[in-house]
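Visitor: Here it is, the structure, as structure tokens.
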Ligand SMILES: [Mg+2]
């Protein structure tokens, strides 16, 4: 019988998805589950971090708390949602210092305050591996919802911010704050959703290449990415820039824009970059100096041996 290490995170998710309620969770495969709520969709998402997988040596509890809240809010942002609140379930080793827990909660609170997501409740239990499981709830007007599907050939591919934040931390392990103080693009997600110009959207949690492949599958289209225009954080060398295309931990929004509305969106919204276009071929390619080659899905996958990146 195969073990989880053999089959990987995405295969595990697809086995579990067969058990979900097809009526209650209409947007299966998107960043959040949704429920109908009058003129709105209610957005629901959960993301868990553990000492073993997400808490670098030396990380401050405030930064870990911030991260646990931020990565959940990023999924609300990916669907154009406005946060309504969060819940946290904590699994804590019995020898956890109470000051440590206070500091963790102050980081959670700081992030929730910044993004107007009140803490609504949670649970705590004893657990040998420190575990924080967040749930974020949001809402989006029905006509504004952003999904991974909906991109059409001819649409423009774009993203917020820059790539390489997660990688930069990996290369400078002394500063965990760089990795953990993720800024979920909630405000930008709402602006993109309201613009009416965006045909699909995802957050880049597991690396650009993986997210492009997920959107390609969801929208049944392909992408041509232009390598020379990819926005990168300062301080990366040529090899690191290449790696940053596959590295996780950036949490920017990756989205497609209807061409007739693109100029207006790009001139009115700072901090977004055109990085390519949508094609009718269901493939993902990257172009540099006039040559185009396949961009493989090499992003992070849990349960893999060190992920795949
Ligand atoms: Mg996501």
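Visitor: If I take R0 = 30 Å and measure r between the Cβ atoms of residue 261 and residue 291 in this structure, what FRET efficiency does the formula 1/(1 + (r/R0)^6) give, to the nearest 0.05?
Guide: Values: r = 31 Å, r/R0 = 1.03.
Given R0 = 30 Å and the Cβ-Cβ separation, E is 0.45.
Visitor: Based only on the alpha carbon positions, what is the Kirkwood hydrodynamic radius of the stretch 4-143, in angstrom?
Guide: Kirkwood hydrodynamic radius for the stretch 4-143: 16.1 Å.
Visitor: Give, in nm to one decimal, the length gained when the segment between residue 229 and residue 57 is fully stretched (0.36 nm per residue of separation minus the Cα-Cα distance). Don't skip to the end; give the middle numbers.
Guide: Details: separation 172, 0.36 × 172 = 61.92 nm, distance 3.40 nm.
Between residue 229 and residue 57, full extension yields 58.5 nm more.
Visitor: Highest GNM mean-square fluctuation, the chain, Cα pairs closer than 10 Å: which of 209, 162, 228?
Guide: Taking springs between Cα atoms under 10 Å, the residue moving most is 228.
Visitor: Can you tell me the FRET efficiency between residue 35 and residue 11 if r is taken as the Cβ-Cβ distance and R0 is 30 Å, rounded to the nearest 0.05?
Guide: Computed FRET efficiency for residue 35 and residue 11 comes out at 0.65.
Visitor: What's the Cα-based Rg to Rh of the chain, Rh via Kirkwood?
Guide: Here the Rg-to-Rh quotient is 0.96.
Visitor: Here's a follow-up. Out of all DSSP beta bridges in the chain, what portion is antiparallel? Express it as a percent rounded to 5.
Guide: Values: 47 of 59 bridges.
Around 80 percent of the beta bridges assigned by DSSP in the chain are antiparallel ones.
Visitor: What are the extents of the Cα atoms of the stretch 147-294 along their three principal axes, in Å, largest first?
Guide: Principal extents (Cα only, largest first): 45, 36, 26 Å.
Visitor: Just to confirm the number: angle between the C-alpha axis of helix 208-219 and the first principal axis of the chain, 0 to 90 degrees, nearest 10?
Guide: Taking the Cα atoms of the chain, the angle to 208-219 is about 70 degrees.
Visitor: Also, I was wondering about something else. Could you estimate the translational diffusion coefficient of the stretch 99-148 from the Stokes-Einstein equation, with Rh from the Kirkwood formula over C-alpha pairs, at 10 °C and 1.306 mPa s, in whole µm²/s?
Guide: Estimated via Stokes-Einstein, D reaches 117 µm²/s.
Visitor: Also, I was wondering about something else. So if I take the centroid of the Cα atoms in the stretch 186-233 and the same for the stretch 113-158, what is the distance between those two points in Å?
Guide: Comparing the Cα centres of the stretch 186-233 and the stretch 113-158, I get a distance of 16 Å.
Visitor: Springs between alpha-carbon atoms under 10 Å, Gaussian network over the chain: tell me which of 51, 165, 258 tops the mean-square fluctuations.
Guide: 51
Visitor: What distance in nm lies between label points placed 7 Å from Cα along the C-beta direction at residue 46 and residue 114?
Guide: 2.5 nm
Visitor: Sticking with this structure for a sec: Give the average over all directions of the projected area of the C-alpha convex hull of the stretch 214-275, one decimal, in nm².
Guide: It is 5.4 nm².
Visitor: Report the label-to-label distance for residue 171 and residue 273 in nanometres (one decimal), using points 7 Å from each Cα along the Cα→Cβ vector.
Guide: Here the answer is 1.5 nm between the modelled labels.
Visitor: List the relative contact order of the chain as a percent without decimals, with contacts defined as Cα pairs under 8 Å and 6+ residues apart.
Guide: Reported relative contact order: 22 percent.
Visitor: Quick one: helix 98-114 against the long Cα principal axis of the chain, what's the angle to the nearest 10°, folded into 0 to 90?
Guide: Result, in degrees: 30.
Visitor: Right, another one. Add -39500 (n - 2.57) for each DSSP H run of 4 or more in the chain, then divide by its residues: what number comes out at 222 nm, to the nearest 500 deg cm²/dmol? All intermediate terms of the calculation are to be shown ahead of the outcome.
Guide: Working: 11 runs with 102 residues, N = 309.
For the chain, the value works out to -9500 deg cm²/dmol.
Visitor: A further question on this structure: With no solvent and one equal point scatterer per Cα, compute the Debye intensity ratio I(q)/I(0) for the stretch 75-115 at 0.16, 0.26, 0.28 Å⁻¹ and report its log10, rounded to two decimals.
Guide: -0.55, -0.96, -1.04
Visitor: Roughly how tilted is helix 61-78, in degrees to the nearest 10 and between 0 and 90, from the longest Cα axis of the chain?
Guide: Taking Cα atoms only, the helix is inclined about 40 degrees.
Visitor: Roughly how compact is the stretch 80-186, stated as its Cα Rg over 2.2 N^0.38 Å to two decimals?
Guide: That ratio works out to 1.37.
Readers should treat all values here as calculations from the given coordinates under stated rules, not as data from a laboratory. Source: prediction; values computed, not measured. Here the Cβ is made from the backbone with ideal geometry for all residues, glycine too, and neighbour counts use every protein chain on show.
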